[in-house]
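To start, the structure itself, in structure tokens.
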Amino acid sequence: MIELLTSNFILYAYLAIILVGFSASYFGVFVVQRKLSFLGNGLAHAAFGGVALGILLDTQPIYVAIPFTILISLLITYFKEKSILSNDTLIGVFFSFAFALGIIFLSLKENYTTDAFSYLFGSILSINNTDIIILALMAGFSLFTFFKFWARWAYSTFDNELAVADRLPVRFDNYVLSLSLSLIIVISVKIIGIVLISSYLVLPAAIARLYSRTFFEMTILSIIIGMVSGLISIVLSVLIDLPTSAVIIVFQSLIFMTSLFIKKSQM
Amino acid sequence: MKNVIEIEKLIVKYGNNIAIDDFTITVEEGIYLAILGPNGSGKSTLLKTILGLIQPTSGFIKIFGNSVDKVNPNLIGYVPQIKTLDKTFPALTIELVLSGLSKNWAFRSSKKDKMKALKILEQLDSIDIAHLHLSELSGGQLQKVYLARSLVRSPKILLLDEPATGVDFVCETNFNSILNDYAEQNTITILMVTHDWTSAYHHSTHILLMNNNLIYFGTKDNAFTDDNIKNTFSHLAHKHNVTFTLKEQ
Ligand SMILES: Nc1ncnc2c1ncn2[C@@H]1O[C@H](COP(=O)(O)OP(=O)(O)OP(=O)(O)O)[C@@H](O)[C@H]1O
Ligand SMILES: [Mg+2]
């Protein structure tokens with residue numbers, strides 16, 4: 001058993017979940033406080049469309065998926081500014097569109113054996129060197145934004161008007177935030193799946209929110225919860241032989257529900 | 001006297017709705033200006049345009065001789081009209097005050113900044129709430145925290161949008177004497193939107209009456225003539241003529 005838990009592919013999985021857990025749980029605090037969870041979910045579906053297109057075109061999926069997802073996120077922003085429809089509606093439309101395109105792309109690809117289902121939950125137990133390098137770059141980028149943008153994003157999350165009055169480049173910052181979210185999501189989708197990335201953007205931050213008095217505490221706690229819960233879940237999933245992604249989500253959800261219950265009974 | 005704010009032929013529209021209709025005024029250094037007018041008369045819009053939150057449809061504003069977007073934000077303290085604070089955002093009183101110094105949501109602040117923030121809270125009798133969560137504050141306490149946030153950067157111009165709403169009478173008297181004290185010790189120009197005509201008269205030096213257009217701007221002594229008051233409330237007076245009859249069932 002110990003051998004299994006220290007075998008190569010599991011070590012890669014540990015590393016991957018630390019990198020994804022860090023990035024997604026960090027951006028998750030903005031997703032939660034800015035009420036963007038539907039956008040996160042939508043972008044994950046859009047990213048699937050991009051990955052599928054990459055597979056159809058026989059290239060590294062990520063090279064196609066990144067511009068594809070960013071394009072979708074820009075389209076959503078563009079139409080939000082131009083139309084009277086709500087953000088919610090636009091996200092709903094564009095993400096179904098991109099997801100459906102993805103299904104069609106995959107079905108057009110001949111001799112492609114992996115089914116669409118594997119994209120729902122990813123394949124965290126079959127990660128290679130290239131994947132790890134890309135994930136490490138992503139985590140590095142997240143860390144960079146922590147020093148460069150966290151204080152500004154936090155300020156305009158708290159009160160957009162005060163941030164504008166203090167001459168922060170709020171519009172620019174918001175674009176950087178949506179682009180970063182698109183990047184994190186599209187990189188993670190191929191490896192850990194649509195469902196897991198969506199929940200990673202919400203659950204750790206939501207749990208952290210219940211225990212934090214400041215936004216900084218919330219950020220740090222969210223990152224810790226995201227990484228630790230991921231690691232524990234991988235071990236559990238190997239021990240009891242269940243799909244890793246599903247175990248992570250169930251595990252995080254249980255922590256969330258228990259916390260909700262504890263906090264409620266304390267009030 | 002130095003000109004602090006110069007407003008020239010300012011028009012601000014939201015779509016077809018004219019919020020500010022052709023304002024030309026010059027605000028001199030050191031005055032305490034009370035801005036009065038009915039709901040929807042453009043008072044908040046005026047402050048927001050001075051802050052650069054809203055772009056003028058035409059005309060221009062200069063602050064210390066610079067266009068609005070070139071102004072150093074450290075010169076201006078702003079207390080927004082009370083609104084529903086996002087209570088889900090985890091933040092402490094002291095953090096909100098510190099944001100007035102750092103102009104972002106710094107995760108660490110210097111000792112010096114912290115001392116400054118605590119000192120201003122102390123002056124506002126609010127030191128005991130420094131480490132409370134914002135969602136735990138009453139409306140009046142929150143207004144004082146916003147005032148502390150605006151004062152902590154030692155501004156040259158203070159823009160207050162109904163700062164005393166929700167503040168009790170003792171506090172309000174206190175609030176006004178704090179402002180007056182502060183104005184005596186520092187060269188500061190205050191623009192305060194208020195609905196309290198009496199306290200405006202007592203504490204301000206100048207009055208601006210508006211109802212989307214400019215009705216009166218000048219020293220307080222000549223402000224409240226019958227004509228001025230009638231013009232300020234003209235469309236309200238009109239609305240008041242509507243009579244209601246109870247329907248018999
Ligand atoms: N964001 C906005 N979009 C469209 N119209 C607006 C907006 N803000 C204000 N208005 C309109 O502009 C006019 C002036 O509004 P403003 O908020 O400046 O009034 P006010 O004098 O501050 O009123 P109050 O005393 O109620 O605070 C009103 O007719 C209002 O409906
Ligand atoms: Mg107003």
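Coordinate-derived values only; no laboratory data. The shown structure was predicted, so the numbers you read here are calculated from the model rather than taken from an experiment. We place every Cβ from the backbone using ideal geometry, glycine too, and count neighbours over all the protein chains shown.
Points to keep in mind about this one:
- For the range A:2-266, a/c is not less than 1.5, where a ≥ b ≥ c are the root eigenvalues of the C-alpha gyration tensor, and a/b does not top b/c. That puts it in the oblate class.
- Coordinate range along principal axes, alpha carbons of the protein assembly as shown, Å, largest first: 88, 63, 47
- Rg over Rh [alpha-carbon atoms, Kirkwood Rh] for the range A:216-267: 1.07
- The residue list A:I18, A:G54, A:Q33 was ranked by how far each Cα lies along the charge dipole of chain A toward its positive end, using unit charges on Cβ atoms, and A:Q33 comes out on top.
- Free of any trypsin sites (Lys or Arg not before Pro) that DSSP assigns to a loop and that have at most 15 other C-beta atoms within 10 Å, the longest stretch within chain B is B:109-246.
- What the phi angles of the range B:50-62 give under the Karplus curve with 6.51, -1.76 and 1.60, with θ = phi - 60°, is a coupling list of 4, 6, x, 6, 10, 7, x, 6, 8, x, 8, 10, 10 Hz, glycine and proline written as x.
- Neighbouring Cβ atoms from other chains, within 10 Å of the Cβ of residues in B:87-95, number 5 on average.
- FRET efficiency, 1/(1 + (r/R0)^6) with R0 25 Å, evaluated for A:R171 and A:T59 via beta carbons: 0.15
- About its Cα centre, the protein assembly as shown has a charge dipole of approximately 480 debye under the convention of +1 per Lys or Arg Cβ and -1 per Asp or Glu Cβ, with nothing else charged.
- Along its three principal directions, the equivalent ellipsoid of the range B:133-216 from the Cα gyration tensor extends over semi-axes of 22, 16, 13 Å, largest first.
- Its convex hull of Cα atoms gives chain B a direction-averaged projected area, equal to a quarter of the hull surface, of 17.1 nm².
- Counting only DSSP beta bridges with both residues in the protein assembly as shown, the antiparallel share comes to about 55 percent.
- Among A:L108, A:A136, B:G37 the positive-end extreme of the charge dipole of the protein assembly as shown (Cβ point charges): A:A136
- Between 0 and 90°, nearest 10: helix B:93-102 axis offset from chain B longest Cα axis: 90 degrees
- When the charge dipole of the range A:126-257 is built from unit charges on Cβ atoms (+1 for Lys and Arg, -1 for Asp and Glu) and taken about the Cα centre, the candidate among A:T214, A:I249, A:V228 whose Cα reaches farthest toward its positive end is A:T214.
- Extending 7 Å from Cα along the Cβ direction at B:D22 and again at A:T77 yields two label points whose distance is 4.1 nm.
- Tail fraction, Cα-Cα pairs, the range A:71-199, threshold 22 Å, whole percent: 52 percent
- Fluctuation leader among A:M257, A:M218, A:M227 - chain A, Gaussian network, Cα springs under 10 angstrom: A:M257
- For the range A:20-121, Kirkwood radius (reciprocal of mean inverse C-alpha pair distance, Å): 14.4 Å
- Set against the 2.2 N^0.38 Å expectation for a compact globular protein, the range A:4-55 has a Cα radius of gyration ratio of 1.49.
- Ignoring lysines fewer than eight residues from A:K263 along the same chain, the ones with Cα atoms less than 18 angstrom from its Cα are B:K87.
- Amide proton proximity set for B:L158, modelled H, under 5 Å, gap of 5+: B:G77, B:T189, B:I190, B:L191
- Summing Lys and Arg as +1 and Asp and Glu as -1 over all other residues whose Cβ lies under 13 Å from the Cβ of A:N174 gives a net charge of +2.
- Structure remark: mean-square fluctuation, Gaussian network model of chain A, C-alpha springs under 10 Å; the largest value among A:I76, A:I197, A:I240 belongs to A:I240.
- In the elastic network of chain A, a GNM with C-alpha springs shorter than 10 Å, the most mobile of A:G102, A:G122, A:G92 is A:G92.
- In this structure the amide hydrogen of B:N213, modeled in the peptide plane, comes within under 5 Å of the amide hydrogens of B:D21, none closer than 5 places in sequence on its chain.
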